[in-house]
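Read the structure below first, then the notes.
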Amino acid sequence: MKKKIIIGVVIVAIVGIIGGIQFTSRNKKQVITVKTSKVSIGDVKMYLSTTATIKSKNEKDYAVSAATKISNVKVSVGDKVKKGDIILIYDTADLNNQQESAQINYNNAISQKKDAVNKNDNANVLSDEKINQLDNAVLAAQNTLDSVKIKLSQNSNITSDIDGVVTEVNVISGQTGGQGTAIIVQDISNLKGIVKVGKYDAAKVAIGQSATILSSGKSYKAKVSKIYPTATLNTTATGGDTTLTVEIDVLEAAPQLKVNFDSDVDILLNQVLATLKVPAQSILTNKDGSTYLFVISDGKAVQRNVKLGLQSDTDMEIVSGVKVGESVILNPGSSITNGVMVKDSINLGGK
């Protein structure tokens with residue numbers, strides 16, 4: 001009998017030990033390791049991150065006369081020019097001949113009128129009609145001469161209107177006339193970025209906003225300088241979209257930026273300085289649109305409803321709901337519920 005009692009006690013003890021181990025194991029499994037961050041005071045900045053096509057702010061395109069032969073193209077792509085430098089010379093032999101002929105005709109018209117007036121002084125009376133004819137002949141000859149002079153001045157050469165670099169040459173010495181742009185000169189030290197924004201971002205962009213243009217690991221200060229008044233429909237083989245063009249002035253020397261290349265750009269749309277903030281990955285949203293997060297209190301996850309202010313991709317301004325220094329849980333999954341036991345991974349040697 002005693003033997004049976006002893007065996008029964010041992011069995012009960014074993015069952016108790018096993019149950020205790022299982023209970024302890026369950027409790028340990030209920031402690032969830034989480035990553036956290038502190039509620040802090042700092043700046044929240046909201047950016048529009050997109051791309052910009054780099055362009056010169058000062059570009060001059062030159063076309064050639066359609067009927068005049070080019071004597072000498074004096075520049076090549078890459079040449080630096082100053083304002084007033086001659087970049088192309090026309091062959092003006094024909095125009096010079098036309099001017100000489102027009103000058104002779106004008107001189108003859110003047111002489112004929114003088115001769116007629118002198119004869120009139122010698123009692124040969126000129127009719128009003130004859131006088132008008134002589135005056136009209138002088139006027140016509142004068143107009144022809146003036147026209148040839150203007151044509152000659154406009155077609156003797158082309159000079160650069162700006163300091164810059166020759167970026168395109170589409171004509172050669174010896175050819176007559178040409179279509180389209182013959183020579184392009186750009187000031188590549190004075191740059192801007194052309195950005196295309198969609199209708200949802202267009203309402204957020206404003207003239208004067210600060211921006212940063214990034215290229216080859218370097219950043220350059222910029223500013224929104226112009227917003228086009230109308231949007232543009234861009235069509236492709238696969239569809240189309242409507243965008244608004246925004247110009248951004250580069251505010252400093254930017255040797256890494258190349259005209260017609262695309263560069264990354266961040267436009268600062270809004271900012272709040274020295275405000276209460278938490279990382280964006282700590283925020284959750286209810287179906288009704290209200291927002292909440294979890295803080296750690298006494299080893300437990302505690303749900304807090306929070307009111308948000310300015311929101312960026314990385315940080316959220318907190319208007320109410322938490323205090324500075326509290327630990328908030330990052331990326332809380334479905335296992336994180338109100339009151340569940342949690343352990344900060346930092347305290348466990350994690351990162």
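Quick note: the coordinates plus some simple rules give every number you see, no bench work behind them. Since this is a predicted model, take the numbers as computed values, not measurements. Cβ atoms come from the backbone with ideal geometry, glycine included; neighbour counts cover every protein chain shown.
Placing +1 at every Lys and Arg Cβ and -1 at every Asp and Glu Cβ, with all other atoms neutral, what dipole size does the stretch 93-154 have around its Cα centre, in debye to the nearest 20? Could you put the intermediate results ahead of the total?
On the way: 6 positive and 8 negative charges, 16 e Å.
It works out to roughly 80 debye.
How large is the dipole of the chain about the Cα centre if only Lys and Arg carry +1 and Asp and Glu carry -1, each at its Cβ, rounded to the nearest 20 debye?
Numbers: 40 positive and 33 negative charges, 705 e Å.
Result for the chain is approximately 3380 debye, rounded to the nearest 20.
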To test your reading of the geometry: what angle, between 0 and 90 degrees and rounded to tens, separates the Cα axis of helix 93-121 from the longest principal axis of the chain?
40
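Around THR53, with a cut-off of 9 angstrom between Cβ atoms, what is the net charge of the other residues, counting Lys and Arg +1 and Asp and Glu -1? Can you show the working numbers first?
On the way: positive: LYS55, LYS196; negative: ASP262.
That works out to +1.
For SER189, what is the net charge nearby, where nearby means another residue's Cβ is under 11 Å from its Cβ and Lys, Arg count +1, Asp, Glu -1? Working shown, then result.
Values: positive: LYS57, LYS80; negative: ASP163, ASP187, GLU252.
Combined, the nearby Lys, Arg, Asp and Glu give -1.
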Search the structure for amide H atoms under 5 Å from the amide H of LYS343, placed 1.01 Å from N in the peptide plane, and list their residues when 5 or more places away or on another chain.
ILE32, THR33, VAL34
Per the charge dipole of the stretch 181-310 (beta-carbon charges, Lys/Arg positive, Asp/Glu negative, Cα centre), the residue among SER216, THR291, LEU244 reaching farthest to the positive end is THR291
Let me confirm the definition first: pairs of Lys residues in the stretch 41-132, 8 or more apart or on different chains, C-alpha distance under 18 Å. How many are there?
13
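Given a Förster distance of 56 Å, report the FRET efficiency between ASN286 and LYS60 from their Cβ-Cβ distance, rounded to the nearest 0.05.
Working: r = 59 Å, r/R0 = 1.05.
Result of the calculation: an efficiency of 0.40.
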For the chain, with a Gaussian network of springs between Cα atoms less than 10 Å apart, report the residue from TYR90, TYR220, TYR106 with the top mean-square fluctuation.
TYR106
For Cα pairs less than 8 Å apart in space and 6+ apart in sequence, what is the mean separation divided by the residue count of the chain, i.e. the relative contact order in percent?
27
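Using only Cα atoms, figure out Rg for the stretch 93-154 and give it as a multiple of 2.2 N^0.38 Å. Don't skip to the answer; put the middle values down first.
Details: Rg = 14.3 Å, N = 62, 2.2 N^0.38 = 10.6 Å.
Here the Cα radius of gyration is 1.36 times the empirical estimate.
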Among (1) 62; (2) 66; (3) 70, only one was calculated for this model; which label is it, if the read-out is percent of Cα pairs over 29 Å apart?
(3)
